[in-house]
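Peer 1: Quick one: the structure is below, questions incoming.
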Amino acid sequence: QVQLEESGGGLVQAGGSVRLSCEASGRTFSSYAMGWFRQAPGKEREFVSRISWGVGRTYYADSVKGRFTISRVNAKNTVYLQMNSLKPEDTAVYYCAASLRQYGSLPNEYDSWGQGTQVTVSS
């Protein structure tokens, strides 16, 4: 398993942008598909985006498609989530996660989780 640590959350106005980072420990980062999930108060954890190992194929939830961009830099053991045109409904704790499966958008398909970082979007 890898250990994951998110950073970059905070308070932002609607329409603004935030970039989240997730740094992984270990030397096998490039072998993991990486995902971002979020959880708002009183709601279940939901899939946001993922990026595969290898060619870095990306996939997004419909709610963020066209606004969020996931990327990874294997040399830095880091995955990013660039969030633009933020909306109040994007307010949540954002988690990064690692999976040995190439594809997956369910929380139970991921093996390692970070502690989360809060993103709050004000209207």
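Peer 1: In what sequence, largest accessible area first, do W53, W113, W36 appear using a 1.4 Å probe? Could you put the intermediate results ahead of the total?
Peer 2: Values: W53 100, W113 80, W36 0 Å².
Most to least solvent-accessible, the answer reads W53, W113, W36.
Peer 1: Sticking with this one: Give the dimensionless ratio obtained when the Cα radius of gyration of the chain is divided by 2.2 N^0.38 Å. Working shown, then result.
Peer 2: Details: Rg = 13.3 Å, N = 123, 2.2 N^0.38 = 13.7 Å.
The value comes to 0.97.
Peer 1: Further, regarding this structure: Where a Cα-Cα gap under 17 Å defines reach, which aspartates and glutamates qualify for K65, not counting those fewer than 8 residues away within the same chain?
Peer 2: Excluding near neighbours in sequence, the set is E46, E89, D90.
Peer 1: On the full set of protein chains, 1.4 Å probe, figure out the accessible area of L11 and give it in Å² to the nearest 10.
Peer 2: Probe radius 1.4 Å; accessible area of L11 about 140 Å².
Peer 1: Oh, and also: Taking only protein heavy atoms into account and a 1.4 Å probe, give the accessible area per residue of the chain in Å².
Peer 2: Dividing the accessible area of the chain by its residue count gives 52 Å².
Peer 1: Moving on. Output ³J(HN,Hα) for segment 70-83: one whole-Hz value per residue in order, computed from phi by the Karplus curve 6.51 cos²θ - 1.76 cosθ + 1.60 with θ = phi - 60°, and x for Gly and Pro.
Peer 2: 9, 8, 9, 10, 5, 5, 9, 6, 9, 10, 10, 9, 8, 10
Peer 1: Over the chain, with every protein chain in place, what whole percent of the accessible area is carbon and sulfur at 1.4 Å, could you tell me?
Peer 2: Values: 2970 of 6400 Å².
Ligands and nucleic acids excluded, carbon and sulfur give 46 percent.
Peer 1: At a threshold of 8 angstrom on Cα-Cα distance, excluding pairs fewer than six apart, so keeping six or more, what relative contact order does the chain reach in percent?
Peer 2: Values: 313 pairs, mean separation 44.9, N = 123.
Once normalised by length, the contact order is 37 percent.
Peer 1: Sort R101, R67 by heavy-atom solvent-accessible area, probe 1.4 angstrom, most to least.
Peer 2: Numbers: R101 110, R67 30 Å².
Ranked from most to least accessible, the order is R101, R67.
The values are calculated or read from the model by the stated rules, or taken from the named source; none is laboratory data. Treat the numbers as computed from the prediction; the structure is a model and nothing was measured. The accessibility values were calculated without ligands, DNA or RNA, using every heavy atom of the protein model including side chains. Shrake-Rupley method; radii C 1.70, N 1.55, O 1.52, S 1.80 Å.
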